[in-house]
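A short write-up of the structure that comes next.
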């Protein structure tokens, strides 16, 4: 049946490690996004708003219409054309913090996963089993003692 094969293929696709890792990443990312959004809107933006002279920075807007409005929510409820630059700046700061924290996490992960010390070089020589001289790895006869290395003991 087409439905059974399709279901089996979908199950195989959904149970692959990459898909599950992606789902976990999205869930953790959404939770992390909420934490950062709260950090920006509840801790960082209020002091910036006080410096600018307004208590709620997210409510800063430029009214493009003729009728004056006391708040952004009032202007939006009336359907007035506005440029909500305070909300945009809040989201921009939110993004920059998330991007910076992700950068720091990836940087630390790269440091943890980086190989420790120099990578060992691939050997190009070996000792002759008869005279113990250093010879090329691909040699079939020792240039020092002229022994046949094809029949040499291992």
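The values are calculated or read from the model by the stated rules, or taken from the named source; none is laboratory data. Given the structure is predicted, the values throughout are model-derived calculations rather than measurements. With ideal geometry, Cβ positions are generated from the backbone for all residues, glycine too; neighbour counts draw on all protein chains shown.
Data overview
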{"read-out": "Some residue of segment 72-80 being assigned by TED's automatic domain parsing to the domain that holds residue 101, touching a residue at least 12 places away in the same chain (Cβ under 8 Å) and touching a helix residue (DSSP H, G or I) at 6+ places or on another chain (Cβ under 6 Å)", "value": "yes"}
{"read-out": "Failed criterion for residue 111 (all others in (1) within 23 Å of residue 25 (Cβ to Cβ); (2) touching a strand residue (DSSP E or B) at 6+ places or on another chain (Cβ under 8 Å) hold)", "value": "(2)"}
{"read-out": "Residues of segment 28-62 satisfying the condition of being outside any helix (DSSP H, G or I) and either out of contact with any strand residue (DSSP E or B) (no Cβ under 7 Å at 6 or more places or on another chain) or not assigned by TED's automatic domain parsing to the domain that holds residue 96 (or both)", "value": "53, 54, 55, 56, 60"}
{"read-out": "Search result, residues across segment 90-127 that are under 15 Å from residue 39 (Cα atoms) and free of Cβ contacts under 8 Å to residues at least 40 places away in the same chain", "value": "91, 92, 95, 96, 99, 100"}
{"read-out": "Residue check, residue 42 under 36 Å from the mean Cα position of the chain (by Cα), within 30 Å of residue 26 (Cα to Cα) and in contact (Cβ under 8 Å) with a residue 24 or more places away in the chain", "value": "no"}
{"read-out": "Residues satisfying the stated conditions in segment 63-100, i.e. more than 19 Å from residue 48 (Cβ to Cβ) and in a helix (DSSP H, G or I)", "value": "73, 74, 75, 76, 77"}
{"read-out": "Unique residue being in the same structural domain as residue 59 (by TED's automatic domain parsing), out of contact with any strand residue (DSSP E or B) (no Cβ under 8 Å at 6 or more places or on another chain), in a helix (DSSP H, G or I) and more than 30 Å from residue 101 (Cα to Cα) when the list is 6, 22", "value": "6"}
